[in-house]
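J.: What follows is a structure written as C-alpha cells; I'll ask about it next.
FYI, it's all coordinate maths here, none of it is from the lab. Quick caveat, the model's predicted, so the values are computed rather than measured. When we count neighbours, we look across all protein chains shown, and the Cβ atoms used for this are built from the backbone with ideal geometry, even at glycine.
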Amino acid sequence: MAECPYKLTTADGAPIADNQNSLTAGPRGPLLMQDVQLLEQMQAFNRERIPERVVHAKGSAAYGTFTVTNDEIRKYSKAKLFSKVGKQTETFLRFSTVAGERGAADAERDVRGFALKFYTEEGNWDMVGNNTPVFFVRDPHKFQMFIHTQKRDPKTNVRDMNMQWDFWSLCPESLHQITILFSDRGIPASYRHLNGYGSHTYSLYNEKGERVWCKFHFKTDQGIHNITDDESAELISRDRESHQRDLFDSIERGDFPTWTFFIQVMTEDQAKSFQWNPFDLTKVWPHADFPLIEVGRLELNRNPENYFAEVEQASFSPSATVSGIGFSPDKMLQARLMSYADAHRYRVGTNYHQLPVNKPRCPVMHYQRDGVMSTGQGGSSPNYFPNSHDDAPKDSPEYAEPAMPLGDVTVDRHDSRTDHDDYTQAGNLYRMFDDAHRDRLAKAIGGALGQARREIQERQLCHFFRADEDYGRRVAKELGIDVQALMAGMGSGGERRHS
Ligand code: NDP
C-alpha cells in the first residue's frame with residue numbers, strides 16, 4: 001500500500017496512531033503523564049499567542065509586485081529598485097486599523113496603516129505609512145500619550161471620548177489630522193479603496209551624492225471609496241472582518257488591486273524658504289507647489305498562506321531602508337527608526353529578520369549573532385570586526401550616504417580613528433613603570449599575544465614600538481621576534497609588506 005503523504009506526527013516528527021483519544025488507565029481515566037502527545041498539544045496551545053502590537057494590532061496583508069513606470073526618480077535616487085522602467089520588485093503590504101485590538105472590527109472610523117515592504121536586491125525597504133499624509137503630533141514625546149487616549153480607560157476599560165478630546169483640545173497640532181479622520185475618508189469602504197502615504201519627509205540621493213527631500217504617495221487605482229457612520233454600524237453588525245474578507249476574496253478571484261506610486265520632491269534650498277517646517281509631520285507639501293511625480297505601479301496579487309506566520313509576524317520598520325533612500329530631521333521619523341524595530345524584537349523576537357516574511361531576498365552578512373530562535377545566521381564565520389579574514393563580511397564605502405549639513409555641523413560617519421593620538425598616554429604609563437614592572441608587563445603580554453597568529457603578533461608589535469621603543473623591544477623578545485629582521489620587511493609606515 002502506498003505511504004500516506006499526510007501522516008500526522010508529533011512536533012518531533014514521530015507518527016501519531018490515534019489523535020482523538022487520550023492515554024488513560026481504563027476507559028474512565030485517569031490520564032497518564034506519559035501521554036506526551038496530549039502534553040505537547042496542551043503546551044503548544046498555551047503558547048500560541050505572541051504579544052499583539054500596541055498599535056496597528058488588527059491587520060490584513062498580501063504579497064505583490066512593484067513595477068517602475070517612469071524613471072524620472074533616477075535623477076534623485078540611486079536605489080536599485082528604481083533603476084529602469086519595467087523593473088519589478090516583490091512586495092508585501094499590510095493594512096491595519098490603529099486603535100483597535102486584534103479582534104476589533106475592520107470598518108471603524110480610524111486611521112489605516114499602510115506598511116509596505118519592498119524585497120529589493122540591496123535589502124528590504126519598508127515604507128511604513130498610513131492612509132493619511134499627516135499625523136496627530138509632531139513630537140515623539142507625545143506619541144505614547146496620544147495612543148493611550150485612543151485605547152481603553154485604565155479604570156472603566158472602555159474607550160473614552162473624554163480622554164481623546166481632552167488630549168486633542170490641549171494639542172492643537174492634531175487639528176489637521178482630526179479633520180481628515182472625521183472627514184469622509186475616516187471610514188474607508190475597504191483596504192483596496194484608500195491611498196497610502198509615507199507621511200514623513202524622507203530623503204533621496206543620487207549617484208552624484210546630491211540629496212533632495214521627498215514625500216511618498218500611493219494612490220489607489222480603484223478610486224477612494226468611503227462609508228458613512230450609519231453604513232459602518234450596519235456593516236460591523238454583520239461582519240467584523242469586512243476589510244480582511246474584501247482584500248482576501250478579491251485577490252483569490254484574480255481581481256488584483258493596484259496603486260500608483262508618486263513622489264514629491266523638495267530641494268534643500270526650497271526647504272529653507274518653505275512657509276512651514278518641511279519636517280513637520282502635521283503638515284503636507286501642497287500639490288501645486290510640489291507636483292506629484294509618477295514612479296510606478298504596485299499590484300497586490302498573492303494572499304499569504306498562513307496568517308500568523310506571514311501577517312502577524314510581519315515586521316516593518318522605517319529603519320529598513322536601502323541605498324538611495326534616506327531619512328530626514330523629522331522628529332517623529334527619528335523616533336520611529338528606533339521604536340519599530342525595538343517593538344518587533346519584543347513582540348516577535350530578537351531574530352525576527354530571519355522569518356521568511358521578513359527575510360531579505362538578497363544575501364545577509366553581518367556580525368550580529370545568536371539570540372532566541374536563531375537559525376544560525378553567520379555560520380562559522382568570525383563574529384567580530386575589524387578582522388583579518390579575507391572571506392568575512394566587509395563594509396562597502398561606495399554605499400556611503402552623502403553627508404547632511406545641519407547648521408554648523410554635518411551629519412556623517414565621522415572617522416573616529418583619525419586625528420587621535422593613541423600612543424602617547426600608553427607610552428607615558430609604560431615609562432612610569434620600573435624595570436621589573438616593565439618586564440612583568442612584557443611577559444604577560446607575550447604569554448597572551450604569543451598564542452595569536454604570527455602576523456597578528458607583528459601588527460600589534462608595531463603599536464608597542466609606537467608607544468615606546470623599549471616597550472616594543474621587550475615584548476618582541478618575549479615573542480621571540482627578531483626586530484631587525486622584522487623592520488627590514490616593513491614599509492615606511494611600519495606596516496608589514498605583503499608580497
Ligand atoms: P490640493 O487641492 O492640491 O490637494 C487636495 C488633496 O486633498 C487631494 O489631492 C486629495 O489627496 C486630498 N483629499 C481630498 N479629500 C480629502 C479628505 N477628505 N481627506 C484627506 N485628504 C483629502 O491642496 P493641497 O495639496 O494644498 O492640500 C490641501 C489639503 O489636502 C491638505 O491640508 C491635506 O489635508 C489634504 N491632502 C493633501 C495632500 C498633499 O500631499 N498635498 C495629500 C493628501 C491630502 P490625494 O490626491 O492624495 O487623494
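J.: Just to check I understand the Karplus step: with θ = phi - 60° and J = 6.51 cos²θ - 1.76 cosθ + 1.60, what whole-Hz values come out for segment 431-441, glycine and proline as x?
T.: Each residue of segment 431-441 in turn: 6, 6, 6, 7, 4, 5, 5, 4, 5, 5, 4 Hz.
J.: Can you tell me the 0 to 90 degree angle between the C-alpha axis of helix 229-238 and the longest principal axis of the chain, rounded to 10?
T.: Approximately 90 degrees, to the nearest 10.
J.: Looking at segment 279-350, which GluC sites (Glu not before Pro) are in a loop (DSSP not H, G, I, E or B) and have at most 12 other Cβ atoms within 10 Å?
T.: On the way: sites: Glu294, Glu299, Glu305, Glu310, Glu312; in loops: Glu305.
Those that pass, being in a loop and sparsely packed, are Glu305.
J.: Excluding Tyr205 itself, calculate the net charge of residues whose Cβ lies under 9 Å from the Cβ of Tyr205, where each Lys or Arg counts +1 and each Asp or Glu counts -1.
T.: Details: positive: Lys78, Lys208, Arg211; negative: Glu207, Glu210, Glu401.
Net charge in that neighbourhood comes out at 0.
J.: Consider all pairwise Cα distances in segment 59-354 and report the whole-number % of them above 29 Å. Working shown, then result.
T.: On the way: 14607 of 43660 pairs.
For segment 59-354, the share of Cα pairs beyond 29 Å comes to 33 percent.
J.: Taking the convex hull of the Cα atoms, report for the chain its projected area averaged over all directions, in nm².
T.: Values: hull surface 156.0 nm².
Approximately 39.0 nm², given one-decimal rounding.
J.: Compute the distance in nm between two label points, each set 7 Å from the Cα along the Cα-to-Cβ direction, one at Asp12 and one at Asp289.
T.: 6.8
J.: If you add up the charges near Lys84, with Lys and Arg at +1 and Asp and Glu at -1, over every other residue whose beta carbon is less than 9 angstrom from its beta carbon, what do you get?
T.: On the way: positive: Arg74, Lys87; negative: Asp71.
Local net charge: +1.
J.: In whole Hz and in residue order, list the ³J(HN,Hα) couplings for segment 452-468 that follow from phi through the Karplus curve 6.51 cos²θ - 1.76 cosθ + 1.60, θ = phi - 60°; x for Gly and Pro.
T.: 3J(HN,Hα) across segment 452-468, in whole Hz: 8, 5, 4, 5, 6, 4, 5, 4, 5, 4, 4, 5, 4, 5, 5, 6, 6.
J.: Sticking with the crude label model, points 7 Å out along Cα→Cβ, report the distance from Asn387 to Val411 in nm, one decimal please.
T.: Modelled inter-label distance: 3.2 nm.
J.: By its C-alpha gyration tensor, with a ≥ b ≥ c as the square roots of the eigenvalues, how is segment 48-135 shaped: rounded for a/c under 1.5, else prolate for a/b larger than b/c, else oblate? Could the numbers behind the result be given before it?
T.: Working: a/c = 2.83, a/b = 2.10, b/c = 1.35.
Here segment 48-135 falls in the prolate category.
J.: Once both axes come from the Cα atoms, what is the angle between helix 36-46 and the longest principal axis of the chain, in degrees from 0 to 90, rounded to 10?
T.: Here the helix axis deviates by roughly 80 degrees.
J.: Could you please state, rounded to a whole Å, how far the C-alpha centre of segment 187-258 is from the C-alpha centre of segment 75-116?
T.: A separation of 8 Å, based on Cα centres.
J.: Rounded, prolate or oblate: which fits segment 161-229, taking a ≥ b ≥ c as square roots of the Cα gyration tensor eigenvalues, rounded meaning a/c under 1.5, else prolate when a/b beats b/c? Write down the numbers at each step before the final one.
T.: Working: a/c = 4.55, a/b = 1.42, b/c = 3.21.
Oblate shape, in that a/c is at least 1.5 and b/c is the bigger or equal ratio.
J.: Follow-up question, since we're still on this one. Relative to the longest principal axis of the chain, what angle (0 to 90°, nearest 10) does the C-alpha long axis of helix 331-347 take?
T.: Tilt of helix 331-347: around 90 degrees.
J.: Measuring from the lowest to the highest alpha carbon on each principal axis, how far does segment 1-41 reach, largest first, in angstroms?
T.: Projected onto the principal axes, the Cα atoms of segment 1-41 cover 37, 21, 12 Å.
J.: So which trypsin sites (Lys or Arg not before Pro) in segment 376-461 end up in coil per DSSP with only 14 or fewer other C-beta atoms within 10 Å?
T.: Counting only loop positions with at most 14 other Cβ atoms within 10 Å, the trypsin sites (Lys or Arg not before Pro) in segment 376-461 are Lys394, Arg413, Arg417, Arg453.
J.: Nearest 500 deg cm²/dmol is fine: what mean residue ellipticity at 222 nm does the chain get from its DSSP H runs of n ≥ 4 alone, each adding -39,500 (n - 2.57), divided by its residue count?
T.: Helix contribution divided over all residues of the chain: -8000 deg cm²/dmol.
J.: Okay, moving on. Can you give the log10 of the normalised intensity I(q)/I(0) at q = 0.27 Å⁻¹, computed with Debye over equal Cα scatterers of segment 424-488?
T.: -1.24
J.: Follow-up question, since we're still on this one. What is the calculated FRET efficiency for Asp249 to Ser339, with r their C-beta to C-beta distance and R₀ = 51 Å, to the nearest 0.05? Numbers along the way, then the final one.
T.: Details: r = 34 Å, r/R0 = 0.67.
It comes to 0.90.
J.: Further question on the same structure: By the gyration tensor of its Cα atoms, with a ≥ b ≥ c the square roots of the eigenvalues, what is the shape of segment 374-438: rounded for a/c under 1.5, prolate for a/b over b/c, or oblate?
T.: Details: a/c = 3.47, a/b = 1.28, b/c = 2.70.
Here segment 374-438 falls in the oblate category.
J.: So which lysines can Lys117 reach, going by Cα to Cα under 21 Å and dropping same-chain residues fewer than 8 places off?
T.: Lys58, Lys78, Lys80, Lys84, Lys87, Lys215, Lys219, Lys359
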